[in-house]
2 protein chains.
Amino acid sequence: MNRKVYQRIKTIVAPHIHHTPVVASSILNDTYGTNLLFKCENFQKAGSFKIRGAVYAASAKLQRQDTNILTGHSSGNFAQALARAAGIFHKEAILIMPRNAPKVKVDAVRTYGATIIQSENSPADREEMMANYLLENPGAIFIHPSDDLDMIHGNATVAGEFLESHPVLDKIIVPVGGGGLLAGTGLAASLLSENTKVFGAEPKGADDARQSFYSGKIVPSKHPSTIADGLRTQLGKINFPIILETVHDILTVSDEEIITAMKDVYQYLKIVIEPSAAVPLAVVRKYPDIFANQNIGIIVSGGNVDLRTLRDIF
Amino acid sequence: MNRKVYQRIKTIVAPHIHHTPVVASSILNDTYGTNLLFKCENFQKAGSFKIRGAVYAASAKLQRQDTNILTGHSSGNFAQALARAAGIFHKEAILIMPRNAPKVKVDAVRTYGATIIQSENSPADREEMMANYLLENPGAIFIHPSDDLDMIHGNATVAGEFLESHPVLDKIIVPVGGGGLLAGTGLAASLLSENTKVFGAEPKGADDARQSFYSGKIVPSKHPSTIADGLRTQLGKINFPIILETVHDILTVSDEEIITAMKDVYQYLKIVIEPSAAVPLAVVRKYPDIFANQNIGIIVSGGNVDLRTLRDIF
C-alpha cells in the first residue's frame, strides 16, 4: 500500500461510513497514568470497524467480477457489516451464521435484508457449508471476515483517520483475533506516521497471534476460551506477514483484566463497547512500563454486545 | 431571561463545560417512527447537565458575595457538579450526602476534592443538617440542586446549544424531577425558537410535576417510587411558575417503559445513560400520536449509573 492506493481506498470507503469521534476522560488518564485517546468504532455503522473492510472488499471485488450475491460466514460483527455493505451496492447478501450466534446480531443482519443460512456451532461446520454453497453458486462472491487483503485495506482507514486527526500518537493498540484490524492498522501507521508504534492486544485464552508472532509461523488456535468473543478466531495467513513486518509487539491479558478495563470504559467514558474492544485498555493497565506518560491511541473496535452479556459482566 | 442575559450566561458557562455531541440512530428512528436527536449530557463534565447550573450559580453568587465555601446537599449528580464547580473557582466544597448514596458517586465527589458530611437517608434529615451547617457557617454560600434561578439559567444552556445546532426541532423532551432542567429548557426554547414545544417526561411513580402542572399548584411528592433515581425529588417553587408558562405538557411512563427505552439506547446508540435519562424516549414510544414523523430532540440528562444497577436492569 502506498499513499496513492490509500487515498483511493479512503475515497471509496468514506461516503458509506461514519468518521467516528475520538473521546477521552481526565479521570481515566489520571488512573492509568498516561494520555489515552479512544477512536470510537462502536459508533460506526453496523456497530464495528468491519463495515470499512466490508465496503472496500465488496467494491474492489465487484470491480473485478460482477455478481448478484455477496456471501460470507460469521457469528458476529462481520455478518452485520457484509449485510449492510451488500445493501449499499444493491446486491443480495447470503450469510452463514452458527446456531449459537446472539439473537440480537441475527436480528440486526435480518434488518439489513440479508438471507441467513444456519450452520452448526463449530467454525469447521460453517466453512464446510460455505464451501458447499460456493460449489452450488459459483457466481457468488465470497468475502472472508478478516483474512483478505481488501478487508485489510478497508480496515486501514480506522488508523488512517485516527492519525490524520491525532498525528502525535506515540502508540496505537488494537485488539487481535483474525488479525484483519491489526494488519490494516500496521499498514496505515507505516504509511502515515514515522513515530507511531502499533501493538496488538490479545486475550491470554486465545493467544495464537502472540505465539505466532514470536515463533515466526502460524500457531493453530486450539480451544480458544475468552470472554472477548470477537477474538476467538484463528490468525490469518494473509494478515500474518503484514503483522510481522509492521507491528511492534503483541501483548496478552486475562479475562479478569479485560473485565476491569471494560468497567472503566462504561464508568468513565460512558460508551457501550463489546468485551473485545476493552482488551487494549487492559494491556495499558498491565504494562505501565511500556505505556505510561505518552499519547496512546486505542481503537475501540465495536459495540455489539448482548445486554445479557453485560448483566453477567457487571 | 432575554437574549442579552442568555448570551452572558453562555459566555460564563462555556469555558468550563463540554459542548456535548448530538447523536442519532437510523434503526431507532425506524423503530420509533420519528426523527430522534439526542443531546448527550452523559458525556458532560461530572457526568450530567448539572455542571452547567452549578458553574453558573457559583459564578453568579460569588459575584454578589465572596466566600471560601460553596455548600449543598445531594445524593447524586449535583454533588459531583458542585464539587467540580467549586474547584473551578478555587473554593472549598462542603456536601451533605445521604448514607445510601452510591459509592461510585461518593468516590467521584471525593476525587474532585470536596468534603462530604454524611446524613441519614431521608431528604428531611439532609435539609436539617444543611440548615444547621449554615447556622454555624453563615459565610458559606448555599446552592440548591434544582430550585434556584441561577441553576435554571445555567441549565438553559443545554437547550440553547441544542437549538443553535439543530434549529429545526419540533419538540424537545426532558426528564423532570426537581424541575431545574425543564424550567431552563422552557426558558431557552421560548427565547430561541418560535416553533419548538417543550415537554416534560416523568416516571408514573413520582408524578408530582404532572399533578402540579394540571392542578395549577404544587402537589407534594409523597413516597416517590421509581427506578429513575434522579427524578424522585420534589418539584420546586421557583421552577414551577416557569414550567407553567413555558412547557407544553408533562407526560408519564412506568418503570417498565423506562427500562425498555433504556435498553434501546444501550443497544442502538451505544451510549451509557442513567435510568432518568431514558424517560423522554419512553414517552416517545408511548405517545406516537404526539411524536411520530417529526424532529424530536431528547436531552440525555446524565450517565452516572452504578454498574450494579445496570446488572439489575439487564
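The values are calculated or read from the model by the stated rules, or taken from the named source; none is laboratory data. Since we're looking at a predicted model, the values are computed, not measured. Methodologically, a virtual Cβ is constructed for each residue, glycine included, from the backbone with ideal geometry; neighbour enumeration extends over all protein chains shown.
Observations, loosely collected:
- Close pairs from the stretch B:180-205: first assigned to a loop (DSSP other than H, G, I, E, B), partner of a type in the set (A, V, I, L, M), Cβ under 8 Å, at least 6 apart: B:S193/B:L163; B:S193/B:L169; B:T196/B:L163; B:T196/B:L169; B:T196/B:I172; B:T196/B:A189
- Being in contact with a strand residue (DSSP E or B) (Cβ under 7 Å, 6 or more places away or on another chain), free of Cβ contacts under 8 Å to residues at least 24 places away in the same chain and away from every other protein chain (no Cβ under 14 Å) is not true of B:R64.
- Number of positions in the stretch B:88-103 that are within 14 Å of chain A (Cβ to nearest Cβ), surrounded by 15 or more Cβ atoms within 10 Å (Cβ to Cβ) and closer than 23 Å to B:V305 by Cβ: 1
- Matching option when the condition is modelled with pLDDT of 95 or more, over 21 Å from A:G160 (Cβ atoms) and in contact with a helix residue (DSSP H, G or I) (Cβ under 8 Å, 6 or more places away or on another chain), among A:K50, A:K91: A:K91
- Candidate set: the stretch B:6-49, residues that are hydroxyl-bearing (S, T, Y) and not in a helix (DSSP H, G or I); chosen: the one nearest to B:L192 (Cα to Cα): B:T20
One line per residue, one yes/no per condition, for (1) within 14 Å of chain B (Cβ to nearest Cβ); (2) free of Cβ contacts under 8 Å to residues at least 40 places away in the same chain; (3) over 19 Å from the mean Cα position of the chain (by Cα):
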position: A:G236; (1), (2), (3): no, no, no
position: A:N239; (1), (2), (3): no, no, no
position: A:I242; (1), (2), (3): no, no, no
position: A:V247; (1), (2), (3): no, no, no
position: A:T252; (1), (2), (3): no, no, no
position: A:E257; (1), (2), (3): no, yes, yes
position: A:Y268; (1), (2), (3): yes, no, yes
position: A:I273; (1), (2), (3): yes, no, no
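- The lone criterion from (1) buried (at least 18 other Cβ atoms within 10 Å of the Cβ); (2) at pLDDT 95 or above; (3) among the acidic types (D, E) left unmet by B:D229 is number (2).
- Test: residue in the stretch B:25-37 that is closer than 30 Å to A:I27 by Cβ, assigned by TED's automatic domain parsing to the domain that holds B:Y266 and charged (D, E, K, R): no
- Test: residue in the stretch B:25-38 that is surrounded by fewer than 18 Cβ atoms within 10 Å (Cβ to Cβ), touching a strand residue (DSSP E or B) at 6+ places or on another chain (Cβ under 8 Å) and within 14 Å of chain A (Cβ to nearest Cβ): yes
Table: residues versus (1) among the small types (G, A, S); (2) under 19 Å from B:L231 (Cβ atoms).
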site	(1), (2)
B:N137	no, no
B:D150	no, no
B:A159	yes, yes
B:P167	no, no
B:V176	no, yes
